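Everything below concerns the one structure shown next.
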Amino acid sequence: MQIVIANKSHIIHANIICETIAEAAKVRGTGIAKRKPEYVAKKMENGNAVIALDNGKFAGFCYIEQWGHGKFVANSGLIVHPNYRNIGLAKQIKEVIFQHSRTKFPDAKVFSITTGLAVMKLNSDLGYKPVTFSELTDDQSFWDGCQTCRNFDILTRTNRKMCMCTGMLFDPKKQSKEETKEIKQTRFERIKQFRQNLFLKKK
């Protein structure tokens with residue numbers, strides 16, 4: 001199994017990717033925004049997608065979207081072909097697209113809206129935090145993309161304050177502070193342990 005940054009050579013898989021996304025939406029009975037093959041192809045051309053291939057066969061996919069003039073990015077359209085589910089592939093794809101997003105757009109906040117508990121778990125493991133929709137992008141074009149979702153009426157009725165999806169956000173600035181705090185805490189614990197060991201030896 002290969003998980004690579006998609007390019008023009010992978011456009012041949014655009015149709016099956018969109019078909020798989022559409023079928024997944026029907027099966028789950030939850031909101032998944034539909035995408036056209038042309039849209040997916042553009043993501044591949046721009047290097048804003050990753051694809052999983054099993055000896056050339058489509059196995060999984062995910063792409064990056066930019067919003068708010070690059071202040072926000074989203075890892076969208078995460079999908080795994082039915083033949084390759086329940087083997088941990090979604091997690092691997094999510095990790096690759098997340099790292100690709102962080103490399104390509106290091107200052108952008110990475111966000112997600114999802115109804116899937118499995119995706120929420122993946123996001124949480126990567127450092128995302130649950131947030132209200134008001135903390136996500138206010139780019140109207142992003143929210144317009146929800147129009148193909150079966151739950152769009154809920155989003156409209158609540159003035160975009162809530163829906164069936166949960167909003168999650170990875171803020172690189174806050175994450176850096178938290179990591180620094182954790183590192184300092186770890187160092188402090190090591191120093192404390194070292195001093196305790198010295199004290200015990202003296203006894």
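The values are calculated or read from the model by the stated rules, or taken from the named source; none is laboratory data. The structure presented is a predicted model; accordingly, all values stated were derived computationally and were not measured. For neighbour counting, all protein chains shown are included, and Cβ atoms are generated from backbone atoms with ideal geometry for every residue, glycine included.
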In region 1-31, residue farthest from the chain's Cα centre (by Cα) [restricted to those that are basic (Lys, Arg) and at pLDDT below 95]: LYS26
Failed condition for LYS173, given (1) closer than 24 Å to LYS34 by Cβ; (2) at pLDDT below 90; (3) surrounded by fewer than 13 Cβ atoms within 10 Å (Cβ to Cβ); (4) not acidic (Asp, Glu): (1)
Of all residues making up region 147-162, the number that are surrounded by 13 or more Cβ atoms within 10 Å (Cβ to Cβ), of a type in the set (Ser, Thr, Tyr) and closer than 17 Å to SER134 by Cα: 1
Considering residues of region 108-125 that are in contact with a strand residue (DSSP E or B) (Cβ under 7 Å, 6 or more places away or on another chain) and of a type in the set (Gly, Ala, Ser) only, the residue surrounded by the fewest Cβ atoms within 10 Å (Cβ to Cβ): ALA108
Residue within region 32-48 that is within 16 Å of the chain's Cα centre (by Cα), modelled with pLDDT under 90 and either closer than 29 Å to LEU169 by Cβ or part of a loop (DSSP other than H, G, I, E, B) (or both) present: yes
Within region 92-165, helices (runs of 4 or more DSSP H) holding 1 or more residues that are within 18 Å of the chain's Cα centre (by Cα) and farther than 20 Å from ASN46 by Cβ: 117-126, 140-144
Some residue of region 99-107 being among the polar types (S, T, N, Q) and buried (at least 21 other Cβ atoms within 10 Å of the Cβ): yes
Boolean, GLU65 is surrounded by fewer than 17 Cβ atoms within 10 Å (Cβ to Cβ) and not aromatic (Phe, Trp, Tyr): no
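Kindly indicate which of GLN99, GLN92, GLN66 is free of Cβ contacts under 8 Å to residues at least 24 places away in the same chain and within 25 Å of PRO130 (Cα to Cα).
Exactly one of GLN99, GLN92, GLN66 is free of Cβ contacts under 8 Å to residues at least 24 places away in the same chain and within 25 Å of PRO130 (Cα to Cα), namely GLN99.
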Which numbered condition VAL80 misses (of (1) touching a strand residue (DSSP E or B) at 6+ places or on another chain (Cβ under 9 Å); (2) within 21 Å of GLN147 (Cβ to Cβ)): (2)
Residues satisfying the stated conditions in region 64-93, i.e. at pLDDT 95 or above and within 19 Å of SER124 (Cα to Cα): ILE64, PHE72, VAL73, LEU89, GLN92, ILE93
Which listed residue, of MET168, MET164, is at pLDDT below 90 and among the aliphatic types (A, V, I, L, M): MET164
Enumeration of residues in region 77-109 that are in contact with a Lys or Arg (Cβ under 8 Å, 6 or more places away or on another chain), hydrophobic (A, V, I, L, M, F, W, C) and farther than 24 Å from ALA24 by Cα: ALA108
